[in-house]
Amino acid sequence: MALLLNITGGSSDNSSKKESKNYQQSIAPSGFSFEFNPGEKAKATVLARKRPSKKEEAPKSNDFKLIANNEKSEDKPKSKGSKKESKITDKTIDELIGRNAEPMKPLGIFEFPDDPVVTNKKNRKNQQKKNELPVVDFTKEPIRNDRIMNANERKKLKTKFSKVSNPFPNEPSKNVKAKKQQEKDQNKQQEHQTKSPKKDIQEKDSPSLGVQSQNSSVFTIDSVDSLNIHQFSIKNLKEVLNFHKLTHVQQRAIPSALDGKDLLIRSATGSGKTLCYALVIVEKLQKITPKLTRNQGIHALVIVPTRELCVQTFEVFQKLCKPFTWLVPGYLSGGEKRKTEKARLRNGITILVTTPGRLCDHLIHTESMKLDNVQMFVLDEADRLLELGYENDVKKVVDTIAEHSKKANKDIQKILLSATLSAKVKELAGLTLESPIYVDNENSNTINNLMEIDENITIPSGIKQKYFMLPPRMRFIVLCSLLVQKMSHGSRKILIFFPTQHVVDYHYDALVEFLTQSFTKKPKTAKSYLNNDDDADIDDMLEEQEESDDEDDGNIWLPNVTIFKLFGSMTQIERVSVFREFKASKTGILLCTDVAARGLDVPQLDLVIQYSAPQEFCNYVHRIGRTARAGNKGSAIIFLTSNEDKFIDFLREKNIDITEDDYTKSLKEVQLPNMKTRNFEEKIITLQRKLEDLLSEDEELRIKASRAFTSWICYYKTFSKELRHMFNLHEIHMGHLANNFGLRDAPKSIVRQFAKGEEGRKEKNKNFDFTHRVHVPRGDQRSFQRLKRKHADFSKTNFGKTSNISEFDSGLPELKKKK
Ligand SMILES: Nc1ncnc2c1ncn2[C@@H]1O[C@H](COP(=O)(O)OP(=O)(O)OP(=O)(O)O)[C@@H](O)[C@H]1O
């Protein structure tokens, strides 16, 4: 029970105020807050109250024992010891409540609009009885329903509670003045920014990049035969890699690199930059006579920013080295045991692909890690390396290599590739490269002054860019219907970018439940199996799940599609296996953070969905660049809400060709499995209810949703300077955003769960000794079984683990595991 009392009165003695305050704190029962000044008539006002929930214990009468000062206003303040004690019993409390009662309402000061679907349980029950669904236009912003309190009452309440910090701003419609003021401030800020000659590093590093669309096609008419390389390499390119023609960037870069020049390469996503250095490395090393042996150490070093890119690049080298078996490619990507990697290094690697952090670690701790023989050095995705904070690591490696080259008096060829050439990348290029040749989509020429290069990005012409302008609470529902629509229209692979790993994790569970499990059956989590049956075995569960899936095919939206998730804090085994399986699968949906935005090359990926906007403009370009690669076609859709429309203007100013699409189209088109709905509004209501019911049945999922909601808010606060004014937290309707996550609680209380501190969280999560939801997407069983066998005690594996160490930390404290 929460009760707020305000006991006020004037005071004639200031000295005793402090004393009495201390006193009242020490005796105040939890849930009460009151003030009173000694010497005056105590006046109690009940501002609001909440009925105790059934579970909560009824308060004992002792809880209401308040020490009030003298009831008579003319009484002088008395010393502590002489305070008169008067008991306010349950009865008096009730009387007080009865006298001043305001309508029942949770103590949250800012109420959220009454949503007939979400909050009106009575209505819902009645409707269900009648077997009729209310028709609600979800597509419109609801009109605020002020029936709980009128404006005056709310104003009063707000001023009384003005001391309480409010993490949520007022709703936009109610806050016109504040909005205007904010706009003024923003304009001033912008003016200031344009006038100010000094720019800080971040501004420098997120420059207003220009965009140009690729004019020509990706490929030239030149065949791979035109390259001056070994005949076996040409045969290998044609037969193993299926490359016949050169891309523009390859045609320009490869001959110069074969001549031993340092290169700075910038070109559109998917234009074949990897081959520009990989082919040259293999060609140069295979030429060395006598043939290199693996114990002669590392001869080529390639640094990439992420583990997936590391594995991907290593696989390209494996293919290119096929005709030259004495060249041994290898990779170090972190996440693996240092011991295993040390053993690999000891065995000998000729071409090493690595992430910078792990490389530096081995340079310090591993004796066999030597860079003395390095002849070629590549920095791929240099801008991303710097963004991820690897600047020092990269500089350390550059220095080490320069030292060796000086000692041995030999030249090391260096190649730097970057999608964007920010000031920092240029600075790094200046440090690393010597009289480089600059290659982009259109040109290749020697560059004297790197600073002269513009900072434009090129977007492949094969990408069709669309946006949805949709109400915030519709995001998830539209996503489901869009996925079903696209998959049934022949899409093979879809990549969805989410803001943080918590948001990925929650949506993975929710989408698996919606799209790949029986639509009408209640979900079963591993926990419920383990709890209900002592002898239950995961094997039984999997078998049962498989059998019921087979029976229910008609009841499943996407029975043959596997859903994957990928984010930075997953274990190495998970990350690599997810990435490989998604690449190899015929159809699939990958939910990810920006960890997959750069460099990843997934064949037949025809749609990229951005569930939320990227925090930096260049990430927009990289995200959409996962589709329409190597001259193929693809499409990209970004989900925005009406208050984010400035982002579209911003994109158009950058010459990005983006058009609006009707988000209701897919909802109107797709049918819910085994369900007949009269209109699309009914579909929306059914889907929203399903989501909410799912959360109410599954506490674990509800907690995930709450964390995801909170981390979304954190993400929203951290947009780059360039984009910050377009994504204003003050303009988000928190209630609607919470609805979108299937949450019915007041947004403020959701966030509080994670702001309470360690004790609060422990309390909240004390029942969760097994927090891994075991969704085994169909077709994914084998890999799951493999994983399970590897980790005999399943409940202790990291499968599905989500902690906060990834590239997009949500800023939330990590959940502590129960001992
Ligand atoms: N000459 C070629 N002929 C056919 N396909 C090619 C050729 N060169 C590269 N590709 C293919 O094009 C795709 C993109 O190549 P790559 O990953 O090297 O692009 P990228 O420019 O590095 O992209 P990003 O900037 O996104 O990292 C790959 O699937 C690769 O196999």
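Residues in segment 228-252 that are more than 9 Å from the ligand (Cβ to nearest atom), surrounded by 15 or more Cβ atoms within 10 Å (Cβ to Cβ) and modelled with pLDDT of 95 or more: I229, H230, S233, I234, N236. Can you name the residue in segment 580-624 that is within 15 Å of the ligand (Cβ to nearest atom) and polar (S, T, N, Q) and is also farthest from V503 (Cα to Cα) among such residues? Ranking the qualifying residues of segment 580-624, first place goes to Q604. Scanning segment 472-510 for residues that are in contact with a His (Cβ under 7 Å, 6 or more places away or on another chain) and open to solvent by 10 Å² or more (accessible area, probe 1.4 Å) yields P472, R473. Take the residues in segment 292-327 that are charged (D, E, K, R) and within 32 Å of the chain's Cα centre (by Cα); name whichever of them is farthest from the ligand (Cβ to nearest atom). Among them, the one singled out is R307. Determine, yes or no, whether E513 is open to solvent by less than 20 Å² (accessible area, probe 1.4 Å) and not in a loop (DSSP other than H, G, I, E, B). It is true that E513 is open to solvent by less than 20 Å² (accessible area, probe 1.4 Å) and not in a loop (DSSP other than H, G, I, E, B).
Restricted to segment 273-284, and to residues that are near the ligand (Cβ under 6 Å from one of its atoms) and either of a type in the set (F, W, Y) or surrounded by fewer than 24 Cβ atoms within 10 Å (Cβ to Cβ) (or both), which residue is nearest to I303 (Cα to Cα)?
Ranking the qualifying residues of segment 273-284, first place goes to T274.
Listed by position, the strands (runs of 3 or more DSSP E) enclosed by segment 603-717 that each have at least 2 residues that are surrounded by fewer than 19 Cβ atoms within 10 Å (Cβ to Cβ) are 658-660.
Summed over segment 488-509, the residues that are at pLDDT below 95 and either in contact with a Gly (Cβ under 7 Å, 6 or more places away or on another chain) or of a type in the set (A, V, I, L, M) (or both) give a count of 1. In the set (1) touching a residue at least 12 places away in the same chain (Cβ under 8 Å); (2) in a helix (DSSP H, G or I), the condition left unmet by I364 is number (1).
Given the criterion open to solvent by 10 Å² or more (accessible area, probe 1.4 Å) and either modelled with pLDDT under 95 or out of contact with any Leu (no Cβ under 7 Å at 6 or more places or on another chain) (or both), identify the matching residue among F324, F314. Result of the check over F324, F314: F314.
All of L363, L379, L385, L417 fail the test of being in contact with a Phe, Trp or Tyr (Cβ under 9 Å, 6 or more places away or on another chain) and either of a type in the set (G, A, S) or on the phi < 0 side of the Ramachandran plot (or both), apart from L417.
Here G270 fits the description: within 15 Å of the ligand (Cβ to nearest atom), on the phi > 0 side of the Ramachandran plot and either in contact with an Asp or Glu (Cβ under 8 Å, 6 or more places away or on another chain) or of a type in the set (F, W, Y) (or both). Which residue is modelled with the lowest pLDDT, if the candidates are limited to segment 285-311 and must be open to solvent by less than 20 Å² (accessible area, probe 1.4 Å) and β-branched (V, I, T)? Selected residue: T306. For T446, the test of being at pLDDT below 90 and over 30 Å from E644 (Cα atoms) is passed. Report whether or not S577 is out of contact with any Leu (no Cβ under 8 Å at 6 or more places or on another chain) and either more than 12 Å from the ligand (Cβ to nearest atom) or in a helix (DSSP H, G or I) (or both). No; evaluated as a whole, the condition is false for this residue.
The values are calculated or read from the model by the stated rules, or taken from the named source; none is laboratory data. Owing to the predicted nature of the structure, the values given are computational and were not obtained by experimental measurement. With ideal geometry, Cβ positions are generated from the backbone for all residues, glycine too; neighbour counts draw on all protein chains shown. Ligands, DNA and RNA are excluded from the accessible area calculation, which covers all protein heavy atoms including side chains. Shrake-Rupley method; radii C 1.70, N 1.55, O 1.52, S 1.80 Å.
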